[in-house]
Each structure stands twice: as C-alpha cells, then as structure tokens.
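The values are calculated or read from the model by the stated rules, or taken from the named source; none is laboratory data. If you're wondering where the values come from, they're calculated on a predicted model, not measured in any experiment. Here the Cβ positions follow ideal geometry from the backbone for every residue, glycine too, while neighbour counts run over all protein chains shown.
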Amino acid sequence: MFCTNGHENAADAKFCRACGQPLNIGVVTNSTPQQTSYVPQAQTSKVQSLKADLLKDLQAQRHTSPPTDLQSVITMISGALFAFAVLALAFDAIDSSYSDSPFMIGFVWTAIGFAVTYLSIRFISKDLIPGATVAAIPLLALSVLFLFGNSIDDGDIGFPLIVLGIAFGAAWALPILRGRPALLSSGLLSIGFGIVIWIMQSSIRGYSVFDSPTDLLDSVAQQSSSLLLIVGIILLAVAWNLDRKDWPSLGRIFIGVGIVFEGTGAFGVLGSSGDRTAASLLLAVAGILLISVAVQRSRKTSLLIGGFAGFAGIIAFITAITENSDGIGPAIALMLLSSAGLSYLAIKKSTAIQSKLQTIGKP
C-alpha cells in the first residue's frame with residue numbers, strides 16, 4: 001500500500017512508516033502508475049532517513065562528547081597500532097615498487113586497512129568504534145593523498161586536501177562512524193587548508209607533503225596568514241551561532257579547529273618580514289571573537305587562548321605601524337596606552353560585557 005507521497009507500506013498499516021500520514025485501510029493503490037513516481041521518492045526518503053539518523057546521533061551528544069573510559073582508551077591504542085602497521089606496510093610497498101605509479105600501491109593498502117576498520121565494527125563489536133575512528137583518520141588521509149600522489153609530490157596539494165575534507169565529512173555523516181567529533185574536525189581542517197592552499201598555490205613553494213610536511217606548513221603560514229585568519233574567524237562565527245542554538249558540543253569542534261587556523265595564521269603574521277598591518281588586525285579581531293565565543297559558555301581554555309591571540313595581534317599591529325619610526329619610543333607609548341585602556345575596560349566594563357555576551361548566547 002502506498003501513501004500520497006509514494007511511500008510503500010504493509011497492507012494492514014494504518015499510518016505511513018516514512019512520513020506518518022494516515023492510510024486508507026483496505027484500499028489497494030495501483031502499483032503500476034506508482035512505480036514511476038516511487039523511484040525518486042525512495043531516493044529522497046533514503047536521504048531524509050540518513051539526515052534524520054545523523055540528527056538523532058548528534059542530539060544524543062548535543063551537550064556532551066562521547067565518553068572516554070578505560071575501554072575506549074584501550075581500543076584507541078589498538079586502532080593506532082593497526083593504523084601504524086598498515087601505513088608501514090604501505091610505505092614499504094611504495095619504496096619497493098618499480099611501477100611508474102608507486103603511490104597507487106600505497107592507496108590499495110591504506111584503502112584495504114580503512115575498509116577493515118569498518119568491517120571490525122560490523123562483524124566484531126560496536127565497542128571498537130573509538131579505536132576504529134583513531135585508525136580511520138590516518139588511513140583515510142593517506143589513502144586520499146596516495147590517490148593524488150604524483151601531483152602532491154610536485155607540491156599541488158590544495159585540491160587533494162579539499163577532496164580529503166569531503167571524504168572525512170562523508171565518514172562523519174554516514175553510518176558506522178557517524179557523528180564522531182574527530183572526523184568532523186579532520187574534515188574542517190582538510191577543507192580549510194585545502195581552500196587556502198588552492199587559492200594561494202602560486203605563492204606557496206612546491207614542497208611535497210610526503211617529504212617536507214613541516215616546510216610546506218611553514219610556507220603556507222608565511223604566504224597565507226591573512227586567509228588562514230579569515231578561515232579561523234569564519235569557524236569561530238559558526239561556533240558562536242551553534243552555541244546560541246544550544247549545540248555546545250558541535251560548537252566546541254568549530255572552536256578547536258578555528259584555534260588551529262588562528263594559531264597557524266598568528267605564526268605566519270609574527271614570522272613575516274612584509275607588511276603585517278592588515279594581518280595583525282585580523283589576528284586581533286580573531287582573538288576578540290574567540291574571547292566572545294568562550295565567554296558565552298565559560299570555556300576557560302579558549303578564553304585564555306583568545307586572550308593570547310588578542311595580545312599577539314595588538315603587539316603585531318603596534319610593531320607594524322611603528323616599524324619606520326625612529327627609536328622605540330612610539331611603540332612603547334602605544335603599548336602603555338593600550339595597557340591603560342584595557343585596564344580601564346577590565347575594571348569598569350568587563351562585568352557588563354560578560355553578562356551581555358552570556359545573555360546573547362542563551363538559546
């Protein structure tokens with residue numbers, strides 16, 4: 001029996017199991033004309049079902065993260081050991097290969113290892129989910145990077161990172177590992193850095209992520225500090241909105257990833273030899289926004305990190321605008337004025353500002 005939306009149900013059903021609409025008992029609909037309209041309805045229903053299941057899992061962890069106990073820690077260690085074993089096997093196969101495309105061999109091994117993490121949950125126990133998540137992150141990351149191995153070896157990393165971020169997002173949204181915070185964090189990091197590198201590819205030196213990952217990160221930070229800070233500000237703005245809508249657990253993920261982009265951008269700003277005026281302003285804005293987000297839910301660690309980012313932004317801005325001055329007098333004067341202004345703000349206005357921010361942040 002079909003409802004008016006084309007969902008198929010048992011002959012004796014009183015209500016549609018997909019959309020809840022009442023059914024006419026005893027009236028059998030013609031299945032022939034329904035076949036045409038049911039196919040897209042079935043696809044839509046499956047997407048809606050996946051979305052509903054994701055929201056259900058997220059709702060269960062709306063205010064708390066997945067618990068960490070002895071069992072989860074042991075399974076995490078087990079998953080990490082499995083991942084390292086597979087990665088060692090993959091890199092050894094690449095080094096031993098005489099193929100024109102040796103990275104494909106690494107892709108095969110890591111893809112097999114990633115599939116095994118899923119099968120272990122499906123056929124052994126769902127208690128292995130924490131360990132499978134720990135194993136899945138490096139295996140999925142290297143699997144996608146090996147897939148684009150030749151271009152990555154030449155320094156073209158932007159697009160592969162975007163693809164990797166999408167893959168992490170799919171793993172986070174689909175069954176088995178659905179809703180795991182580490183997967184969402186990895187996806188946000190991959191997409192964010194991928195977009196920044198893709199935009200600034202011509203300015204970033206072509207280091208290989210396999211041979212010189214730290215040199216690549218240093219080049220990205222130096223050449224793309226402003227973009228990194230903008231991405232961090234966007235993520236913190238999303239966290240602000242999630243906190244206001246009473247999704248603090250998800251907000252915490254966006255704050256954490258936003259701090260990573262802020263920190264990388266700050267490293268680039270402070271280590272740059274060029275004009276840092278605009279970038280230092282962005283760093284100060286990012287620090288203020290992080291402080292505001294942290295105050296909403298009394299996140300102490302984020303509040304301290306935001307304070308440090310604000311301090312670094314002010315120092316970088318004062319240094320930038322007084323760089324061509326004679327002596328250090330102007331810089332010292334601006335620092336003292338900033339200190340006095342902040343002291344006044346702390347004594348006279350901070351309590352009212354904190355109360356206002358916490359009121360705004362209430363769902």
Where Gly327 falls short, out of the listed (1) part of a loop (DSSP other than H, G, I, E, B); (2) at pLDDT 85 or above
(2)
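Residue check: is Leu334 modelled with pLDDT of 90 or more, under 18 Å from Leu184 (Cβ atoms) and either crowded, with 19+ Cβ neighbours inside 10 Å or not basic (Lys, Arg) (or both)? Spell out the reasoning first.
Details: modelled with pLDDT of 90 or more: yes; under 18 Å from Leu184 (Cβ atoms): no; either crowded, with 19+ Cβ neighbours inside 10 Å or not basic (Lys, Arg) (or both): yes.
No: the conditions fail for Leu334.
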When (1) outside the structural domain of Leu336 (by TED's automatic domain parsing); (2) not in a helix (DSSP H, G or I) are applied to Asp215, the one that fails is (2)
Residue check, Thr68 assigned to a loop (DSSP other than H, G, I, E, B) and either not aliphatic (A, V, I, L, M) or not assigned by TED's automatic domain parsing to the domain that holds Leu174 (or both)
yes
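Test Ile318 against the criterion of being surrounded by 15 or more Cβ atoms within 10 Å (Cβ to Cβ), of a type outside the set (Ser, Thr, Tyr) and over 30 Å from Gly194 (Cβ atoms), and give yes or no.
For Ile318, the condition - surrounded by 15 or more Cβ atoms within 10 Å (Cβ to Cβ), of a type outside the set (Ser, Thr, Tyr) and over 30 Å from Gly194 (Cβ atoms) - is met.
Restricting attention to region 289-308, and to residues there that are of a type in the set (Gly, Ala, Ser) and more than 20 Å from the chain's Cα centre (by Cα), which single residue is nearest to Ser339 (Cα to Cα)? Before the answer, list the steps.
Going residue by residue through region 289-308, those that are of a type in the set (Gly, Ala, Ser) are 292, 294, 298, 302, 306-307.
After this cut, where a residue has to be more than 20 Å from the chain's Cα centre (by Cα) as well, the list is 292, 298, 307.
Values: Ser292: 20, Ser298: 24, Gly307: 13 Å.
The extreme case among them is Gly307.
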Which pairs turn up if I take residues in region 170-189 that are within 22 Å of Phe261 (Cα to Cα) and look for partners that are assigned to a loop (DSSP other than H, G, I, E, B) and among the small types (Gly, Ala, Ser) with beta carbon separation below 9 Å, at least 6 apart in sequence or on another chain?
Trp172/Gly179; Pro181/Ser65
Among the listed residues Ala239, Ala221, Ala278, which satisfies the condition of being buried (at least 17 other Cβ atoms within 10 Å of the Cβ) and modelled with pLDDT under 90?
Ala221
Give region 253-267 a look and list any residue that's at pLDDT 90 or above and either over 26 Å from Gly158 (Cα atoms) or surrounded by fewer than 20 Cβ atoms within 10 Å (Cβ to Cβ) (or both), or say none.
Gly256, Val260
Just to be sure before I move on: is Asp57 charged (D, E, K, R), in a helix (DSSP H, G or I) and either closer than 18 Å to Leu177 by Cβ or modelled with pLDDT under 85 (or both) in the structure I sent?
yes
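Quick test for you: out of Ala111, Ala115, pick the one residue that is out of contact with any helix residue (DSSP H, G or I) (no Cβ under 6 Å at 6 or more places or on another chain), modelled with pLDDT of 90 or more and either closer than 23 Å to Gly194 by Cβ or assigned by TED's automatic domain parsing to the domain that holds Leu70 (or both). Show your work before the answer.
Details: Ala111 fails: out of contact with any helix residue (DSSP H, G or I) (no Cβ under 6 Å at 6 or more places or on another chain).
Of Ala111, Ala115, the one residue that is out of contact with any helix residue (DSSP H, G or I) (no Cβ under 6 Å at 6 or more places or on another chain), modelled with pLDDT of 90 or more and either closer than 23 Å to Gly194 by Cβ or assigned by TED's automatic domain parsing to the domain that holds Leu70 (or both) is Ala115.
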Starting from region 245-267, take each residue that is touching a residue at least 40 places away in the same chain (Cβ under 8 Å) and list its partners that are β-branched (Val, Ile, Thr), counting only C-beta distances under 7 angstrom and pairs at least six apart or across chains.
Ser249/Thr64; Phe254/Val238; Ile255/Val293; Ile259/Ile305; Phe261/Val231
Report yes if Gly179 is crowded, with 19+ Cβ neighbours inside 10 Å, closer than 24 Å to Thr133 by Cβ and of a type in the set (Gly, Ala, Ser), otherwise no.
yes
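On the basis of being on the phi < 0 side of the Ramachandran plot, under 12 Å from the mean Cα position of the chain (by Cα) and surrounded by fewer than 21 Cβ atoms within 10 Å (Cβ to Cβ), does Ser185 make the cut?
On the way: on the phi < 0 side of the Ramachandran plot: yes; under 12 Å from the mean Cα position of the chain (by Cα): yes; surrounded by fewer than 21 Cβ atoms within 10 Å (Cβ to Cβ): yes.
Yes: the conditions hold for Ser185.
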Can you spot a residue in region 121-138 that is under 28 Å from Ser212 (Cβ atoms), in a helix (DSSP H, G or I), in contact (Cβ under 8 Å) with a residue 12 or more places away in the chain and touching a Pro at 6+ places or on another chain (Cβ under 8 Å)?
no
